[in-house]
Amino acid sequence: MRYRGSGFLYTLAVGRRCTALVFGLALLGGSIAVCIALPNPAFAQDSLPASSGLAAPLITNADRPHKQPPARDLTIEGLVSYGHYHIFASGEDCKMYDIGIEYDRHTWGHLLGSRVDWVAEIMPMVLLHQPTEMDMWGNPLTTTFKTVPGVEIAPIGVRWLWRDGKAIKPYLMAKGGILVFAQKPLSNRTTYENLSLQSSVGLQVRINERFDLRLGLFGDYHFSDAFIVPVNPGLDVMNASMGLTYHIGSKNRMTGD
């Protein structure tokens, strides 16, 4: 009886294993059949009817319209002062001269019909023509003069340009930066480093598709040490400027006179 019982249990175990194996093979075969029956995803779009909403063609980067870069200008200009006044400074009998490279980029849309540009400028040569000796308030103490060289960086600026694309374009501009002299300007009690603020109004006149002539008809140039030290004479001068503007990238948009 022990042998018969052991044989029965053995037969039962073998039967269960065979049943599980057959069930597993059937499940695997069914999965393979389903995978074969399904369409290839890479060609699923081609199998859809043309009237189906899912059959719309794919949009690639080449099909999208090319985005035009913003208008950009590069200007080389020179500045000459022709007088001074007391607004926020007390310095007298001084003149300013500089040569700079200015970059203008259309950044802030439009305002009151004008194109609003971000402006940055580097002035590698700034010359201050001043009396040899001056008191702490910037008043001359002698009739002799000297020239003090300096450099300026003005990374913060804005320009409003009207009649963009026309032959004559009025503009209004303001720039701020840091001005560093080789000697203490105006008084020996000031600092080498000064803050600067420039404002100007003028015209850009078309030369051709690439170049404009810039005429700064009137401008104000202010610098001072902003009371970094107790003495702050500062200087305000009236000036005029002239420059040559190059339109970067696409040709200048010309829409008539």
Q: Taking only the stretch 73-106 into account, find how many residues are loosely packed, with under 15 Cβ neighbours inside 10 Å and within 17 Å of Ile156 (Cβ to Cβ).
A: 1
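Please count how many residues of the stretch 175-209 are part of a strand (DSSP E or B) and out of contact with any Phe, Trp or Tyr (no Cβ under 9 Å at 6 or more places or on another chain).
As a first pass, look at the stretch 175-209 and keep what is part of a strand (DSSP E or B): 175-181, 193-206.
Okay, now just the ones that are also out of contact with any Phe, Trp or Tyr (no Cβ under 9 Å at 6 or more places or on another chain), so 175-178, 205-206.
Final tally of qualifying residues: 6.
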Q) So which residues in the stretch 171-190 are among the aliphatic types (A, V, I, L, M) and either under 23 Å from the mean Cα position of the chain (by Cα) or within 13 Å of Pro155 (Cα to Cα) (or both)? A) Leu172, Met173, Ala174, Ile178, Leu179
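Pick from Trp118, Trp160: which is touching a Leu at 6+ places or on another chain (Cβ under 9 Å), among the aromatic types (Phe, Trp, Tyr) and surrounded by 14 or more Cβ atoms within 10 Å (Cβ to Cβ)?
Details: Trp118 fails: touching a Leu at 6+ places or on another chain (Cβ under 9 Å).
Residue meeting the stated conditions: Trp160.
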Q. Any residue in the stretch 167-180 that is surrounded by fewer than 19 Cβ atoms within 10 Å (Cβ to Cβ), of a type outside the set (Gly, Ala, Ser) and within 16 Å of Val126 (Cα to Cα)?
A. yes
Q: Return the only residue of Gly234, Gly219 being buried (at least 17 other Cβ atoms within 10 Å of the Cβ), at positive phi and either assigned by TED's automatic domain parsing to the domain that holds Trp162 or within 25 Å of the chain's Cα centre (by Cα) (or both).
A: Gly234
Q. Do you know which residues across the stretch 222-231 are exposed (fewer than 13 other Cβ atoms within 10 Å of the Cβ) and of a type outside the set (A, V, I, L, M, F, W, C)?
A. Pro230
Q: Of the conditions (1) buried (at least 20 other Cβ atoms within 10 Å of the Cβ); (2) under 20 Å from Pro124 (Cβ atoms), Tyr246 clears all except one; give me its number.
A: (1)
Q: Return yes or no: is His110 out of contact with any His (no Cβ under 9 Å at 6 or more places or on another chain), surrounded by 15 or more Cβ atoms within 10 Å (Cβ to Cβ) and not charged (D, E, K, R)?
A: no
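The values are calculated or read from the model by the stated rules, or taken from the named source; none is laboratory data. None of the values given here were measured: they were computed from a predicted structure. Positions of Cβ are generated from backbone atoms using ideal geometry, with glycine treated the same way; all protein chains shown enter the neighbour counts.
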